[in-house]
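S.K.: Please read through the structure below; I'll follow up with questions.
The values are calculated or read from the model by the stated rules, or taken from the named source; none is laboratory data. These numbers come from a predicted model, not from an experiment. Note: ideal-geometry Cβ built from the backbone for every residue, glycine included; neighbour counts use all protein chains shown. All accessible areas refer to the heavy atoms of the entire protein, side chains included, with ligands and DNA or RNA removed. Shrake-Rupley method; radii C 1.70, N 1.55, O 1.52, S 1.80 Å.
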Amino acid sequence: MWSIKGRLSTRLMNICVASLCKAKQLEKAEVVIVDGIRIGVQPDVVTYNTLITAYCRFVGIDAGYSILYRMKEAGIYPDTITYNSLIAGATRYCMLSRCFDLLEEMLEMSILPDIWSYNTLMHCFFKLRKPDEAYRVFQDILLKDISVHPATFNILINGLCMNGYTENALMLFRSIKRHGFIPQLATYNILIHGLCKSGRGKTAREFLNELVESGHIPNAITYTTVMKCCFRCRQFEEGLKIFAEMRRKGYTYDAFAYCTVASMLLKTGKMNEANEYLGYIITNGFDLDIVSFNTIVNLYCKEGQLDIAYKMLHEAEKKGLESDKYTHTIFIDGLCRTGNFKEAQQHLDYMSMMGFDSNLVALNSFINGLCKAGHLDHALRMFESMDAKDSITYSTMVHSLCNARRFRAASKLLLSCIRGGMRILKSDKRGVIDGLRGSGYSQEARKVQSKIRLAKILHD
DNA sequence: CTAGGGTTAG
């Protein structure tokens with residue numbers, strides 16, 4: 001009798017712990033467990049699995065591991081879900097080798113990996129931009145005859161899109177549908193998002209129709225995705241209409257949609273309106289995460305109010321939020337706008353010290369700032385020192401060198417940009433050629449022109 | 001009990 005009651009209570013405790021974990025209330029969850037133990041309710045494997053998931057997500061992978069030790073000490077054996085949670089934690093922080101360590105540990109303990117172990121591993125490969133290896137995991141799943149989960153396809157489609165294989169994602173989507181797989185709402189959301197990101201708004205629209213026709217009801221994610229797509233295609237009216245509809249339907253319960261709108265307004269220079277939207281989420285008690293703070297900080301940086309921007313950053317830190325590469329990039333851009341290159345450099349140094357995966361955007365921003373302020377040689381030195389450059393790096397430099405009438409330097413960079421197979425704005429190419437010609441370098445102008453033509457032939 | 005939406009540069 002007593003033991004049945006005990007098990008029932010453990011289930012109740014788990015429900016309680018799960019909802020607290022979901023709300024990031026880890027301390028409260030721990031209190032519930034301690035209180036439970038005091039009155040004789042023992043935590044079980046589910047309790048610890050829930051904790052591991054939450055600690056990995058909100059604190060870090062090592063915090064997740066420490067729960068694993070705690071449960072082992074308490075004499076509770078980890079199961080597949082325990083390890084899946086840790087693998088998900090490792091994937092969150094892109095730690096591929098940890099994923100393999102965990103898989104190995106599972107096998108050593110005769111805990112069999114399931115479809116979720118493989119799904120997560122596949123996701124990790126995609127996050128690390130290794131689509132081939134991710135696809136190999138999928139083939140492995142089929143080979144091992146493990147039955148797939150709808151999420152397997154979602155992860156695949158998303159991963160393919162995010163790695164530039166939109167066409168393959170589309171083919172996969174169609175082929176699994178032919179094989180009788182009924183796409184989930186999430187599958188449609190993922191595909192629509194991928195299509196929007198690769199600039200295929202029209203196809204995205206078609207799938208939005210298909211989504212509705214197949215009986216799904218669009219959710220907040222669908223709306224935000226489509227709204228963003230409108231803004232991308234400069235259909236501002238249409239996008240704002242979608243936002244209004246979201247409001248009517250009660251889908252604006254978090255800061256997501258507001259931040260999308262505010263960013264669009266910032267990009268198009270409508271500071272006052274952006275201020276309104278962001279003011280609304282600040283004063284109306286929305287739970288702001290680092291992305292929301294970044295959007296707000298961006299507003300103040302663009303307005304040149306760096307002091308308020310820093311105040312917001314401190315507020316975010318007080319909430320226990322950690323600044324990310326976006327935060328620093330926004331500050332670098334803002335500091336450059338106000339001519340404070342020294343402090344901008346400090347943010348850059350901090351980023352490389354912290355090992356942020358790619359600060360190319362930040363460097364581009366810095367270079368742009370230097371150019372705008374007329375420090376062309378400083379910008380050039382920076383440019384030369386960069387080991388990775390993209391088309392934006394090149395166009396910024398080429399454009400600025402043309403403005404300074406340094407056409408020969410501009411043409412040199414333009415040519416190396418083309419050699420690298422990168423695209424550059426037509427107006428910048430024109431600027432270089434016309435500039436060379438106008439300053440008496442018509443032979444070099446012809447050379448550049450023919451190289452551009454050659455690149456075009458090779459590219460198409 | 002894990003995938004999917006929002007934030008950065010020319």
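S.K.: Once you keep just the Cα pairs under 8 angstrom separated by 6 or more residues, what percentage relative contact order results for segment A:324-460? It would help to have the intermediate numbers written out before the result.
M.R.: Values: 132 pairs, mean separation 22.0, N = 137.
After rounding, I find 16 percent.
S.K.: Roughly how tilted is helix A:166-178, in degrees to the nearest 10 and between 0 and 90, from the longest Cα axis of chain A?
M.R.: Approximately 40 degrees, to the nearest ten.
S.K.: Angle, helix A:290-302 long axis vs. longest principal axis of chain A, Cα atoms, 0 to 90°, nearest 10?
M.R.: Rounded to the nearest ten degrees, it is 20.
S.K.: Peptides A:107-113, A:368-374: what's the order by average Cβ count within 10 Å, highest mean first?
M.R.: Packing order, densest peptide first, comes out as A:368-374, A:107-113.
S.K.: Can you return the lysines within cross-link range of A:K28? Criterion is Cα-Cα under 17 Å, with same-chain partners fewer than 8 residues away left out.
M.R.: The qualifying lysines are A:K319.
S.K.: If DNA, RNA and ligands are ignored and the probe is 1.4 Å, what is the ranking of A:I308, A:I282 by accessible area, most exposed first?
M.R.: A:I282, A:I308
S.K.: Straight-line reach from A:K372: which aspartates and glutamates have Cα under 20 Å away, leaving out those fewer than 8 places along the same chain?
M.R.: Within the straight-line cut-off, A:K372 pairs with A:E303, A:D333, A:E343, A:E384, A:D390, A:D428.
S.K.: Just the number, please: Stokes-Einstein D of chain A in µm²/s, Kirkwood Rh from C-alpha pairs, 10 °C, 1.306 mPa s.
M.R.: 62
S.K.: Just by accessible area at a 1.4 angstrom probe, what is the order of A:I115, A:I392 from largest to smallest?
M.R.: Ranking A:I115, A:I392 by accessible area, largest first, yields A:I392, A:I115.
S.K.: Once you list every other residue whose beta carbon is under 14 Å from the beta carbon of A:A169, what net charge do they have if Lys and Arg are +1 and Asp and Glu are -1?
M.R.: +3
S.K.: Another one. Which percent of the accessible heavy-atom area of segment A:44-89 goes to carbon and sulfur, probe 1.4 angstrom?
M.R.: Result for segment A:44-89: 58 percent of the exposed heavy-atom area is carbon or sulfur.
S.K.: Right, here's the next one. Under unit Cβ charges (Lys, Arg +1; Asp, Glu -1), what dipole magnitude, rounded to 20 debye, does chain A have relative to its Cα centre?
M.R.: So the dipole magnitude of chain A works out to roughly 2020 debye.
S.K.: Which percent of the accessible heavy-atom area of segment A:389-460 goes to carbon and sulfur, probe 1.4 angstrom?
M.R.: 52
S.K.: Treating only the Cα positions of segment A:389-460 as identical point scatterers, give the base-10 log of I(q)/I(0) from the Debye formula at each q in 0.23, 0.26 Å⁻¹.
M.R.: -0.96, -1.20
S.K.: With a 10 Å radius around each residue's Cβ, average the other Cβ atoms per peptide and rank A:186-194, A:72-80, A:324-332, highest first.
M.R.: On the way: A:186-194: 24.4, A:72-80: 13.4, A:324-332: 22.2.
Result, highest mean first: A:186-194, A:324-332, A:72-80.
S.K.: Could you work out the relative contact order of segment A:389-460? I mean the mean sequence separation of Cα pairs under 8 Å and 6+ apart, divided by the number of residues, in percent.
M.R.: Reported as a whole number, the value is 30 percent.
S.K.: Structure shown: which of A:K197/A:K456; A:K426/A:K451; A:K228/A:K267; A:K177/A:K228; A:K267/A:K302; A:K127/A:K197 lie over 18 Å apart, alpha-carbon to alpha-carbon?
M.R.: Those over the limit are A:K197/A:K456; A:K177/A:K228.
S.K.: Could you sort A:R200, A:R381 by their accessible area in this structure, using a 1.4 Å probe and putting the largest first?
M.R.: Result, largest first: A:R381, A:R200.
S.K.: Evaluate the relative contact order of chain A (contact order divided by residue number), counting alpha-carbon pairs under 8 angstrom at least 6 apart; express in whole percent. The partial results should precede the final answer.
M.R.: Details: 499 pairs, mean separation 22.9, N = 460.
The value is 5 percent.
S.K.: Moving on. Would you kindly derive the ³J(HN,Hα) couplings of segment A:409-424 from the backbone phi angles with the Karplus curve 6.51 cos²θ - 1.76 cosθ + 1.60 (θ = phi - 60°), listing them in order in whole Hz, with x for Gly and Pro?
M.R.: 5, 4, 5, 4, 5, 4, 5, 5, 5, 5, 4, x, x, 9, 8, 9
S.K.: Any chance you could give the angle, 0 to 90 degrees and rounded to 10, that helix A:115-127 forms with the longest Cα principal axis of chain A?
M.R.: 20
S.K.: Given segment A:199-292, what whole percent of its Cα pairs are spread farther than 24 Å?
M.R.: Values: 919 of 4371 pairs.
Distances greater than 24 Å cover 21 percent of the Cα pairs.
S.K.: Same structure, new question: With a 1.4 Å probe and all protein chains left in place, how much accessible area per residue does chain A have, in Å²?
M.R.: 55
S.K.: Placing +1 at every Lys and Arg Cβ and -1 at every Asp and Glu Cβ, with all other atoms neutral, what dipole size does segment A:389-460 have around its Cα centre, in debye to the nearest 20? Each step should come with its number before you reach the end.
M.R.: Working: 16 positive and 5 negative charges, 35 e Å.
Dipole about the Cα centre, nearest 20: 160 debye.
S.K.: Could you tell me which residue out of A:I392, A:I76, A:F293 lies farthest along the dipole of chain A toward its positive end? Charges go on the beta carbon: Lys and Arg +1, Asp and Glu -1, centred on the Cα centre.
M.R.: Highest projection toward the positive end goes to A:I392.
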